[in-house]
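**Q** Structure in structure tokens, see below.
The values are calculated or read from the model by the stated rules, or taken from the named source; none is laboratory data. Being a predicted model, the structure only gives us computed values, none of them experimental. Using ideal geometry, Cβ is built from the backbone for each residue, glycine included, and neighbour counts are taken over all protein chains shown. Accessible surface areas use protein heavy atoms only, side chains included; no ligands, DNA or RNA. Shrake-Rupley method; radii C 1.70, N 1.55, O 1.52, S 1.80 Å.
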Amino acid sequence: MIDLNNYRENIFQNYGIRECPYYGEDGVILKIFKEVGVSKNPYCVEFGELRVLGTTTRAYRIKFKARALYFSLSYDLRSWYLNLLDVIKLIFISRSFTYLKFFFNFPFKGFANKENIISIFKKNKVSKEDLDLLTIDLDCFDYYIIKEILDSGYRPKLFIVEYNPSYGLQKKCTYPNDVSFKTNNLRIYGASYAALDQLFRPIGYKLVFVSGFCNLFYLREDLIVNFKIADIAYEITDSKEKINAYIKKYCQKGFVPSWLNEPNLTEEDFSKLDFIKNP
């Protein structure tokens, strides 16, 4: 059995002009696709992404010279210029002009919610079956967008979603599907593991890797043969000690999660969240 914890490695964090955040995910993503293979026309989608090389998807995009659909709520001239420099640096480092095609596949400005996400996918011709990698990290109503994508029949090989360890393992809760929702505690964002797992497990996805306080890696069941299932109870970074140990091992020097020193959530905080019913 392949334990993906043994393949944590930071590889491509300095392939752009600015250092890319990293959590040991590069090696894990490359190992997964070494085993399951990539599509004939490699393609990935990453929400909330300003960088032409991707953040979570960076290893996949660079290794397989993949096309990508990247978009973010904010995208300005400075971002465009930095992405231009990123591609130039990548071409120089790799000594491959193949990456010139990345100039024609920049991120764009776009707001996604559950009401418009499928129309965005259809407009950009995102395939329901022939999609290698999809990752979502919006820090808000991710749960509702993920549910809409899955309910509409999209089945990427690997689906990476951010979860919130501050919600614990048992509560099935999520940030409300409300653009006007505001909170003073930065620990309130995204969805809990239990809420997300209830979306993926019934349709044949298995949790194969947990990236600390960041991401859950769900692999489609028909590709799962050689992979060990992740133990979320062991992997969840639900204490300051576990968070700091993870940062020391896998994050860039000086990195601190924005929510680390925020107060723990109270019952009043939880009362502001949406709770997901059992199916």
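**Q** Whether any residue in region 84-97 is crowded, with 17+ Cβ neighbours inside 10 Å and modelled with pLDDT under 95 is what I want to check.
**A** No; the residues of region 84-97 include none that is crowded, with 17+ Cβ neighbours inside 10 Å and modelled with pLDDT under 95.
**Q** Looking at region 248-265, I want the residues that are closer than 21 Å to TYR189 by Cβ and have a partner that is open to solvent by less than 30 Å² (accessible area, probe 1.4 Å) and part of a loop (DSSP other than H, G, I, E, B) with Cβ atoms under 6 Å, at least 6 apart or on another chain. Which pairs are those?
**A** Listed pairs, sorted by first residue: TYR250/GLY24; TRP259/ARG187; GLU262/ASN185; GLU262/ARG187; LEU265/ARG187.
**Q** For region 3-16, enumerate the residues that are touching a residue at least 12 places away in the same chain (Cβ under 8 Å), open to solvent by 20 Å² or more (accessible area, probe 1.4 Å) and out of contact with any Lys or Arg (no Cβ under 6 Å at 6 or more places or on another chain).
**A** Selection gives ASN5, ARG8, GLU9, ASN10, ILE11, GLN13, TYR15.
**Q** Test each condition in (1) more than 18 Å from the chain's Cα centre (by Cα); (2) in contact (Cβ under 8 Å) with a residue 60 or more places away in the chain; (3) part of a helix (DSSP H, G or I) for PRO176 and report the one that comes out false.
**A** (3)
**Q** Give region 177-199 a look and list any residue that's farther than 22 Å from PRO263 by Cα and hydroxyl-bearing (Ser, Thr, Tyr), or say none.
**A** Within region 177-199, just SER180 meets the criteria.
**Q** Related question: Among the numbered conditions (1) more than 15 Å from PHE47 (Cα to Cα); (2) of a type outside the set (S, T, N, Q); (3) at pLDDT 95 or above, tell me where LEU133 comes up short.
**A** (1)
**Q** Checking LEU207 against (1) in contact (Cβ under 8 Å) with a residue 60 or more places away in the chain; (2) under 12 Å from LEU4 (Cβ atoms); (3) of a type outside the set (D, E, K, R), which single condition isn't satisfied?
**A** Against the list (1) in contact (Cβ under 8 Å) with a residue 60 or more places away in the chain; (2) under 12 Å from LEU4 (Cβ atoms); (3) of a type outside the set (D, E, K, R), LEU207 comes up short only on (1).
**Q** Which is of a type in the set (Gly, Ala, Ser), surrounded by 18 or more Cβ atoms within 10 Å (Cβ to Cβ) and within 24 Å of GLU35 (Cα to Cα), of ALA112, ALA66? Walk me through it before giving the result.
**A** Numbers: ALA112 fails: within 24 Å of GLU35 (Cα to Cα).
So the residue among ALA112, ALA66 that is of a type in the set (Gly, Ala, Ser), surrounded by 18 or more Cβ atoms within 10 Å (Cβ to Cβ) and within 24 Å of GLU35 (Cα to Cα) is ALA66.
**Q** Let me ask something additional. Which of the residues that make up region 33-63 are without any contact (Cβ under 8 Å) to a residue 40 or more places away in the chain, open to solvent by less than 10 Å² (accessible area, probe 1.4 Å) and more than 20 Å from ARG18 (Cβ to Cβ)?
**A** Once the filter is applied, which keeps residues that are without any contact (Cβ under 8 Å) to a residue 40 or more places away in the chain, open to solvent by less than 10 Å² (accessible area, probe 1.4 Å) and more than 20 Å from ARG18 (Cβ to Cβ), region 33-63 yields nothing.
**Q** Please name all residue pairs, on different chains or six or more residues apart, with Cβ atoms under 9 Å, provided the first residue is in region 110-126 and is in contact (Cβ under 8 Å) with a residue 12 or more places away in the chain and over 19 Å from GLY190 (Cβ atoms) and the second residue is of a type in the set (Val, Ile, Thr) and not in a loop (DSSP other than H, G, I, E, B).
**A** Matching pairs, first to second residue: GLY110/ILE120; ILE118/ILE149; PHE121/VAL45; PHE121/ILE149; ASN124/VAL45; VAL126/VAL45; VAL126/ILE120.
**Q** Considering only residues of region 184-213 that are open to solvent by 50 Å² or more (accessible area, probe 1.4 Å) and part of a loop (DSSP other than H, G, I, E, B), which is nearest to VAL28 (Cα to Cα)? Can you show your working first?
**A** Initially, region 184-213 is screened for residues open to solvent by 50 Å² or more (accessible area, probe 1.4 Å), giving 184, 186, 201-203, 206.
From what's left, part of a loop (DSSP other than H, G, I, E, B): 184, 186.
Details: ASN184: 35, LEU186: 28 Å.
Per the criteria, the residue is LEU186.
**Q** Let me spell it out: the conditions are (1) under 21 Å from the mean Cα position of the chain (by Cα); (2) closer than 26 Å to LEU158 by Cβ; (3) assigned to a loop (DSSP other than H, G, I, E, B), and LYS242 meets all of them except one. Which number is the exception?
**A** Result: LYS242 fails condition (3) only.
**Q** Condition first: out of contact with any Phe, Trp or Tyr (no Cβ under 6 Å at 6 or more places or on another chain) and over 19 Å from PRO202 (Cα atoms). Now tell me which residues in region 139-161 satisfy that. Walk me through it before giving the result.
**A** Restricting attention to region 139-161, the residues satisfying the condition of being out of contact with any Phe, Trp or Tyr (no Cβ under 6 Å at 6 or more places or on another chain) are 142-158, 161.
None; the set is empty.
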